[in-house]
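Trainee: Before we start, here is the structure in question, set down as structure tokens.
Please treat every number below as a calculation from the coordinates, not as lab data. Source: prediction; values computed, not measured. Positions of Cβ are backbone-derived with ideal geometry, glycine not excepted, and every protein chain shown enters the neighbour counts.
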Ligand code: GUN
């Protein structure tokens, strides 16, 4: 139990995402003065209703930030070769700065091959192996959106997190692994807890920071937390209740907030940050491409290694 009997404060993802989006919009205005309009291409294969909602949201938010978007909607029957051809065309189109292929793709298409086909400098998801490796080694690369958003929430909430013990629950390529890497770069001691961990709960109870991304509704309750822990809940799960369906996280919010010092609600916590960082990545990709183009104009002897 929270010894002070005070409830954790909410970490307001909507407000912090709005701040990120206003930074993005300012950057977009500056680029406009150089005659550049950052452009995001979103590729959607098939009819998955949730994916359609996500893509619509991404395009809407892009427009609000002044980012141009292109949409490529392809039918379920699209072959892998056809999808790769679309990506190749977007890779070579100089007016396209960011490429996102909404996942999951239909089962007959190899997701890994699709990710690897995207030019790493346009890979606004940060999923390409070149970007994953660059992130691990601490280079300036495009970094996955959800973990980047979680880091911003943590830094805004805690200030310096250097030396703190962070536990990441879940080890996916999209969230868990890059999250652990970013926390390590912020000088945390990092433990990654997963389905095979022996006594996951005991490990979690040692954490100053807990980031949960397991896709299991309300799995983490007060009993998993050290008093005063800061909790970032990445999960978005729809559950049925007597009052109809509602969205919940991977954390049992009502229970956890009796012990934690700060916690992200669901919805309104991590969710808005993911889109904000997708747009931030589109602007970062645009800058990387401008730098790349400028460097390629220099004589070879003066180019940086
Ligand atoms: N589907 C669910 N989350 C994501 C994401 O972060 N990026 C892409 N491309 N597809 C997704």
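Trainee: Any residue in region 36-50 that is under 20 Å from residue 276 (Cβ atoms), under 25 Å from the mean Cα position of the chain (by Cα) and without any contact (Cβ under 8 Å) to a residue 24 or more places away in the chain?
Mentor: There is at least one residue in region 36-50 that is under 20 Å from residue 276 (Cβ atoms), under 25 Å from the mean Cα position of the chain (by Cα) and without any contact (Cβ under 8 Å) to a residue 24 or more places away in the chain.
Trainee: Of all residues in region 119-141, which are in a loop (DSSP other than H, G, I, E, B), more than 14 Å from the ligand (Cβ to nearest atom) and within 18 Å of the chain's Cα centre (by Cα)?
Mentor: Those that are in a loop (DSSP other than H, G, I, E, B), more than 14 Å from the ligand (Cβ to nearest atom) and within 18 Å of the chain's Cα centre (by Cα): 138, 139, 140, 141.
Trainee: Further question on the same structure: Given the conditions (1) assigned to a loop (DSSP other than H, G, I, E, B); (2) within 15 Å of the ligand (Cβ to nearest atom), which single one is not true for residue 116?
Mentor: The single condition residue 116 does not satisfy is (1).
Trainee: Still on this model: Every residue in region 210-230 that is closer than 14 Å to residue 170 by Cα, in contact with a helix residue (DSSP H, G or I) (Cβ under 8 Å, 6 or more places away or on another chain) and in a strand (DSSP E or B), please.
Mentor: 210, 211, 220
Trainee: Going by the conditions given, is residue 81 loosely packed, with under 15 Cβ neighbours inside 10 Å and in contact with a helix residue (DSSP H, G or I) (Cβ under 9 Å, 6 or more places away or on another chain)?
Mentor: Details: loosely packed, with under 15 Cβ neighbours inside 10 Å: yes; in contact with a helix residue (DSSP H, G or I) (Cβ under 9 Å, 6 or more places away or on another chain): no.
It is false that residue 81 is loosely packed, with under 15 Cβ neighbours inside 10 Å and in contact with a helix residue (DSSP H, G or I) (Cβ under 9 Å, 6 or more places away or on another chain).
Trainee: Which of the following residues is part of a helix (DSSP H, G or I), touching a residue at least 60 places away in the same chain (Cβ under 8 Å) and either away from the ligand (no atom under 16 Å from the Cβ) or crowded, with 16+ Cβ neighbours inside 10 Å (or both): 58, 63? First the steps, then the outcome.
Mentor: Details: 63 fails: touching a residue at least 60 places away in the same chain (Cβ under 8 Å).
Matching residue, one of 58, 63: 58.
Trainee: Just to be sure before I move on: is residue 150 away from the ligand (no atom under 12 Å from the Cβ) and closer than 14 Å to residue 276 by Cα in the structure I sent?
Mentor: Yes, satisfied.
Trainee: Being under 25 Å from residue 220 (Cβ atoms), near the ligand (Cβ under 10 Å from one of its atoms), crowded, with 23+ Cβ neighbours inside 10 Å and within 17 Å of the chain's Cα centre (by Cα): is that true of residue 144 here?
Mentor: Spelling it out, residue 144 is indeed under 25 Å from residue 220 (Cβ atoms), near the ligand (Cβ under 10 Å from one of its atoms), crowded, with 23+ Cβ neighbours inside 10 Å and within 17 Å of the chain's Cα centre (by Cα).
Trainee: Residue under question is residue 28, and the condition is that it be within 17 Å of residue 278 (Cβ to Cβ) and part of a strand (DSSP E or B); does it hold? Break it down into steps so the answer makes sense when it comes.
Mentor: On the way: within 17 Å of residue 278 (Cβ to Cβ): yes; part of a strand (DSSP E or B): no.
No; evaluated as a whole, the condition is false for this residue.
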